[in-house]
Amino acid sequence: MSEALIRHEPVSDTPFVAEGVRISLAPPMQRHALRAHNAEDLEGLLKVKMPRKIGASQGGIMCLGPDEWFLRSEVGTAIPTGEGLPVAVTDVSERSICLIVEGPRASEILMAGCPLDLGQFAVGQATRTIYETVEIIVMRAAEDRFHVEVWRSFSAWLWMAMTMAARH
């Protein structure tokens, strides 16, 4: 029976376009919350170099804290669980969606509800923050493009808030 279920995303799959900004739903992806006291343990498990500086991102992995990373990968990518190692690898793929905010007004639209000066963010910089009262993870993917991870349950509200800010 579950094979017959159709997933409906909480926001429109039609991009919102206003002067200087485009807000769209990113393609589906896998997401994993990673925790470890030593980044080397995760590097050995995942066979990749982990970003060490808080706020840095590299190869789809964002360093959000001294022992916390967020991994985004293509759907179907095999991610080891780390069983038996001093790490936590938690699949949070269904918890969040990603909104892409791009164009010359992208940082302005995000700063309408976010307390950070995202205009000063370097490309590749990522952080956990809020948009008004909603927790988000924001990463600057390009000079005029941001990826915004938001919990699925708050995404419709965030979409409405950002599109309203874009209209003004």
Q) Pick from 167, 105, 152: which is surrounded by 16 or more Cβ atoms within 10 Å (Cβ to Cβ) and of a type outside the set (S, T, N, Q)? A) 105
Q) If you scan region 75-89, which residues turn out to be under 18 Å from the mean Cα position of the chain (by Cα) and surrounded by 13 or more Cβ atoms within 10 Å (Cβ to Cβ)? A) 79, 89
Q: Specify the residue that is surrounded by the fewest Cβ atoms within 10 Å (Cβ to Cβ); the eligible residues are those in region 5-64 that are of a type in the set (Ser, Thr, Tyr) and touching a residue at least 12 places away in the same chain (Cβ under 8 Å).
A: 12
Q. Residues 145, 105, 128: which one is among the basic types (Lys, Arg), within 19 Å of residue 60 (Cα to Cα) and in contact with a helix residue (DSSP H, G or I) (Cβ under 9 Å, 6 or more places away or on another chain)?
A. 145
Q: Test residue 72 against the stated conditions and say whether it is in the same structural domain as residue 127 (by TED's automatic domain parsing) and basic (Lys, Arg).
A: no
Q | Residue count, region 92-109 (criterion: under 12 Å from residue 70 (Cβ atoms) and assigned to a strand (DSSP E or B)) | A | 2
Q.
One residue is enough: does region 131-138 have a residue meeting the conditions more than 15 Å from residue 33 (Cβ to Cβ), in the same structural domain as residue 24 (by TED's automatic domain parsing), touching a residue at least 12 places away in the same chain (Cβ under 8 Å) and part of a loop (DSSP other than H, G, I, E, B)?
A. yes
Q.
Just to verify a result, which residue in region 91-102, among those that are surrounded by 13 or more Cβ atoms within 10 Å (Cβ to Cβ) and not aliphatic (A, V, I, L, M), is nearest to the chain's Cα centre (by Cα)?
A. 98
Q) Does region 102-111 include one or more residues that are outside the structural domain of residue 53 (by TED's automatic domain parsing), β-branched (Val, Ile, Thr) and in contact (Cβ under 8 Å) with a residue 24 or more places away in the chain? A) yes
(Q) Among the residues of region 6-25, what is the count of those that are of a type outside the set (Val, Ile, Thr) and at pLDDT 95 or above? (A) 8
(Q) Exactly one condition in (1) in contact (Cβ under 8 Å) with a residue 12 or more places away in the chain; (2) closer than 15 Å to residue 137 by Cα is false for residue 117; which is it? (A) (1)
Q. Among the residues of region 77-85, is any over 26 Å from residue 37 (Cα atoms) and touching a strand residue (DSSP E or B) at 6+ places or on another chain (Cβ under 8 Å)?
A. no
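The values are calculated or read from the model by the stated rules, or taken from the named source; none is laboratory data. What you see is a predicted model; the values in this text were computed from it and never measured. Ideal geometry is used to build each Cβ from the backbone, glycine not excepted, and the neighbour counts take in all protein chains shown.
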